[in-house]
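The values are calculated or read from the model by the stated rules, or taken from the named source; none is laboratory data. What you see is a predicted model, and the numbers here were worked out from it, not measured in a lab. We place every Cβ from the backbone using ideal geometry, glycine too, and count neighbours over all the protein chains shown. The accessibility values were calculated without ligands, DNA or RNA, using every heavy atom of the protein model including side chains. Shrake-Rupley method; radii C 1.70, N 1.55, O 1.52, S 1.80 Å.
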Amino acid sequence: MLSRKQQLQYLEAMGIQAWTARHADHDAGAKQEPVVPEPPVAKVPVVNTSAPGVSIPGVFDGADVACLDWPALEARVSECRMCDLHSSRTQTVFGVGNHIADWLVIGEAPGHDEDQQGEPFVGRAGQLLNAMLQAVGLRRDQVYIANILKCRPPNNRDPKPEEVACCEPYLLRQIELIQPRLILAVGRIAAQNLLNTQTPIGKLRGEVHPFRDTGIPLIATYHPAYLLRSPLEKRKSWQDLQLALRTLREQDG
Ligand code: SF4
């Protein structure tokens, strides 16, 4: 578990200083007490979507992806040619992390660095995501990280709807296998596709959404790449992470 000092260091890495209200008897220039989050709570399954007869409806129509285990699913993705993106990729980017994670982080699609390394959220945006996770007491290997698309769109353009439709069964099978307690959708593309909406990310963040009919709470926040360009928005992403922690605590009653 992270010490209070370590958590504060990670908040600084995010570029955030979180302060509580100052005591009335403090001097005008006195330093205030920082707020640090509660550590993550123990895992309690929300919905057993992998139980017999339980699935995410309308997703695996005609596909046999729904019965694949982790190795078979990863192998299937690595050979996938279901959409045109297969022709321009260096390699597929399947996902990485803990197969029984409480937190599932879902981004948009691989970028240049991810396409080269075969892992989601590497490079500067990945480092910021790591700092965000560490700020709430999580190491990168304690969560699972995946993307809406497993292959890089050329020049990092937005995914096309048909590409998302082709690739979605893989992500949904990952969700079924993991059974996360919480989904953190990072960025507009991830949030809008997961929630089937065109609502701007600024309006999707700040509240808890049910992920379709699974009962899994989904919280949308800004993409780390956006936060690197717009550091003033980091405070809002920190608020979203605190909302995620509160949501998990509420699950425990
Ligand atoms: S983006 Fe998804 S559906 Fe398209 S080729 Fe890659 S793995 Fe297959």
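Here are the numbers for the structure shown:
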quantity	calculated
Unmet requirement for PHE121, which otherwise passes all of (1) at positive phi; (2) open to solvent by 50 Å² or more (accessible area, probe 1.4 Å); (3) within 14 Å of the chain's Cα centre (by Cα)	(2)
Unique match (being part of a helix (DSSP H, G or I), over 17 Å from GLY187 (Cβ atoms) and more than 12 Å from the ligand (Cβ to nearest atom)) among GLN127, GLN116	GLN116
Residue count, region 70-86 (criterion: in a loop (DSSP other than H, G, I, E, B) and surrounded by 13 or more Cβ atoms within 10 Å (Cβ to Cβ))	3
So ARG139, is it without any contact (Cβ under 8 Å) to a residue 12 or more places away in the chain and within 16 Å of the ligand (Cβ to nearest atom)	no
Hey, ALA190 surrounded by 21 or more Cβ atoms within 10 Å (Cβ to Cβ) and touching a Leu at 6+ places or on another chain (Cβ under 7 Å) or not	no
Test: residue in region 94-113 that is over 19 Å from SER237 (Cβ atoms), touching a Cys at 6+ places or on another chain (Cβ under 8 Å), in a loop (DSSP other than H, G, I, E, B) and within 16 Å of the ligand (Cβ to nearest atom)	yes
Selection from region 221-238 of residues that are under 19 Å from ASP102 (Cα atoms) and either open to solvent by 30 Å² or more (accessible area, probe 1.4 Å) or of a type in the set (Phe, Trp, Tyr) (or both)	TRP238
Residue check for ARG89: assigned to a loop (DSSP other than H, G, I, E, B) and open to solvent by 40 Å² or more (accessible area, probe 1.4 Å)	yes
Residues being farther than 21 Å from LEU227 by Cβ, surrounded by fewer than 22 Cβ atoms within 10 Å (Cβ to Cβ) and of a type outside the set (A, V, I, L, M) - total across region 154-168	8
Breaking point among (1) under 16 Å from ILE148 (Cα atoms); (2) touching a helix residue (DSSP H, G or I) at 6+ places or on another chain (Cβ under 9 Å); (3) touching a residue at least 12 places away in the same chain (Cβ under 8 Å), for ILE175	(2)
Close pairs from region 148-161: first in contact (Cβ under 8 Å) with a residue 12 or more places away in the chain and within 12 Å of the ligand (Cβ to nearest atom), partner open to solvent by less than 50 Å² (accessible area, probe 1.4 Å) and hydroxyl-bearing (Ser, Thr, Tyr), Cβ under 7 Å, at least 6 apart	LYS150/THR92; LYS150/TYR170; CYS151/THR92
